[in-house]
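Computed from the coordinates by the stated procedures, all read-outs in this text should not be read as laboratory data. Note that the structure is a prediction, hence the values are computed from the model and not measured. We place every Cβ from the backbone using ideal geometry, glycine too, and count neighbours over all the protein chains shown.
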There are 2 protein chains.
Amino acid sequence: MTEQPPPDKSGAEPGAASPAKAAKARTAAETRQLILETALRLFRERGYEGTTMRGIAAEAGVSLGNAYYYFKSKEHLIQAYYGRSHDEHLAACVEALESERDLKRRLLAVCRTKIETARPYHRFAGQLFKTAADPASPLSPFSAESMPVRREATELMAVVVEGSATRVPGELSGELPNLLWLYLMAIILFWIHDDSLGCARTYKLIDRTVEIIVRLINLSSLTLMRPLVRGALELTSELRQLSTPEAR
Amino acid sequence: MTEQPPPDKSGAEPGAASPAKAAKARTAAETRQLILETALRLFRERGYEGTTMRGIAAEAGVSLGNAYYYFKSKEHLIQAYYGRSHDEHLAACVEALESERDLKRRLLAVCRTKIETARPYHRFAGQLFKTAADPASPLSPFSAESMPVRREATELMAVVVEGSATRVPGELSGELPNLLWLYLMAIILFWIHDDSLGCARTYKLIDRTVEIIVRLINLSSLTLMRPLVRGALELTSELRQLSTPEAR
DNA sequence: GTCTATAACCGGATAGAC
DNA sequence: GTCTATCCGGTTATAGAC
């Protein structure tokens, strides 16, 4: 969700208790915020690799060590980006979801707004993906640390389906949001590699695949498709059961 | 970390039984090979990040500078891994492809052997993927530099299909190898994240999805499925046309 | 053309003083 | 909470030996 500054020990809400504060003083939350904003700006301007921790610190007017005091590593700055990106996405597609009942158009709106809101970070996202792709990294969308954002995003897909006029067969409806989230991840993966003008290819891909997905959902209640759907659903449940040998 | 004792300068190759060869002599190719083998071994033993260029040089008994003389960067060592990995895969599945006509079993064999041959490098592959995921990286499977390996792998999928007893509808047959290559990439992506015992989940995923894919191929000639297949194929061709604004 | 040795640069990360 | 000093490893540069 929105960036919550974790360590607030002073207990003083901004502007609440102390008007007597010296002009130059900064609360911890403010410093943290300052560093984060600076980092995100530099990421946009220079890309992920082009931005150094030293650069962030210098630009924000704090020391290198101080930056590391608030963010354990360069990667941890990215978690903040995740949260913000999701918030922006949510804000951008909530209107469409309130006014639209057609499943295809709902799904289209959600996918398109995701790409639109992420656009300023296109280059950054490419390099970012580099570290996010490492399964061991807490930044992996599949990691335990990413669970909160992931749950929210999946929940959004549930809203897309449930708020639509389409009736989804019972056996499929439980799994569908997860599958749609996975689909959106795939779209993002494509987008990251998309250097076409205005990301035209990604939009084309979205238009076409949403079409196909909705058609498949409609076909899924057909007897002919039963074994196929059944097989796919069994797979997802089996994969969940074959879970990791030792708990992390 | 323990300090590595300085490289042995005595000149005696350990266990060098070669009669004529001057003890210290080594051809350029041999040195290159030595460095590469050492690197791949250390990658296996310590992972990608856990292996330092200094460590490779020390273990191979050459200087750091020499290692950089043969491999422009740490990443360039990876290209060598790609090539070798594909060769091993080819060798491992050629037998099955010669003796088996059933499409499902052919595809199964190819996917399974891919995972099996890559297994010693599981951890390495995860970290490796980190740099390969960057679209700008020459190591990306979609990059121009990776084209040769990619073409070979796609060609392998063409063999899988063409050597099978299954008749694929003409409009689909041209695109199918590309789609199957993409499918294998997805499997690998899953495998990288798979920490289940013996990668059981990956094998389960392969079994199930190959089943589904083959069933879809068989269904694809049905009139009912026509618009769906047609739509998907139009998409791939459109994506190719909307190519990059400037040639690389 | 092959190779060694060494010093240096750069940037992520940490330690410990204030 | 904030700083300075330092470590560590990828990478580059250089100078010279065979």
(request) Please tell me which of these pairs span more than 24 angstrom C-alpha to C-alpha: B:Lys72/B:Lys130; A:Lys104/A:Lys204; A:Lys130/B:Lys204; B:Lys104/B:Lys130; A:Lys114/B:Lys114? (result) A:Lys130/B:Lys204; B:Lys104/B:Lys130; A:Lys114/B:Lys114
(request) Sort out for me the Cα centre separation of the range B:102-167 from the range B:181-248, rounded to whole Å. (result) 13 Å
(request) Would you tell me the mean number of C-beta atoms belonging to other protein chains that fall within 10 Å of each C-beta in A:230-239, as a whole number? (result) 4
(request) Mind running the shape call on the protein assembly as shown? Use the C-alpha gyration tensor, a ≥ b ≥ c as the square roots of the eigenvalues: rounded below 1.5 for a/c, prolate if a/b tops b/c, oblate otherwise. (result) oblate
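Tally Lys and Arg at +1 and Asp and Glu at -1 over the other residues with C-beta under 13 Å from the C-beta of A:Leu224: what net charge comes out? Intermediate results must be reported in sequence, preceding the final value.
Working: positive: A:Arg226, A:Arg230, B:Arg215; negative: none.
Counting the neighbours of A:Leu224, the net charge comes to +3.
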(message) In whole Å, what are the extents of chain B along the principal axes defined by its C-alpha atoms, from largest to smallest?
(response) 76, 45, 37
(request) One decimal, nm, shortest first: give the distances between the label point of B:Arg41 and those of the same position in the other copies, each label point 7 Å from Cα along Cα→Cβ. (result) 5.2
(request) Please average, across the residues of B:206-217, the number of beta carbons from any other chain that are within 10 Å of each residue's own beta carbon, and give a whole number. (result) 2
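Name the shape class, rounded, prolate or oblate, that the alpha-carbon gyration tensor gives for the range A:112-248, where a ≥ b ≥ c are the square roots of its eigenvalues, rounded holds for a/c under 1.5, and otherwise prolate holds if a/b is larger than b/c and oblate otherwise.
Oblate, because a/c is 1.5 or more while a/b does not exceed b/c.
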(message) What does the copy distance list look like for B:Pro148, label position 7 Å along Cα→Cβ, in nm and ordered from shortest?
(response) 4.8
(request) Express the relative contact order of the range A:27-173 as a whole percentage, based on alpha carbon pairs under 8 Å and six or more residues apart in sequence. (result) 23 percent
(request) Along Cα-to-Cβ, 7 Å out, sits the label point; list in nm, shortest first, how far the one on B:Ser85 is from those in the other copies. (result) 2.4
(message) Taking 8 Å as the Cα distance limit and 6 or more residues as the minimum spacing, I'd like the relative contact order of the range B:73-243 as a percentage.
(response) 23 percent
(request) Which order do the peptides B:37-47, B:167-177 take when ranked by the mean count of other beta-carbon atoms within 10 Å per residue, highest first? (result) B:37-47, B:167-177
(message) Within 10 Å of each Cβ in A:124-137, how many Cβ atoms from other chains are there, averaged over the peptide?
(response) 6
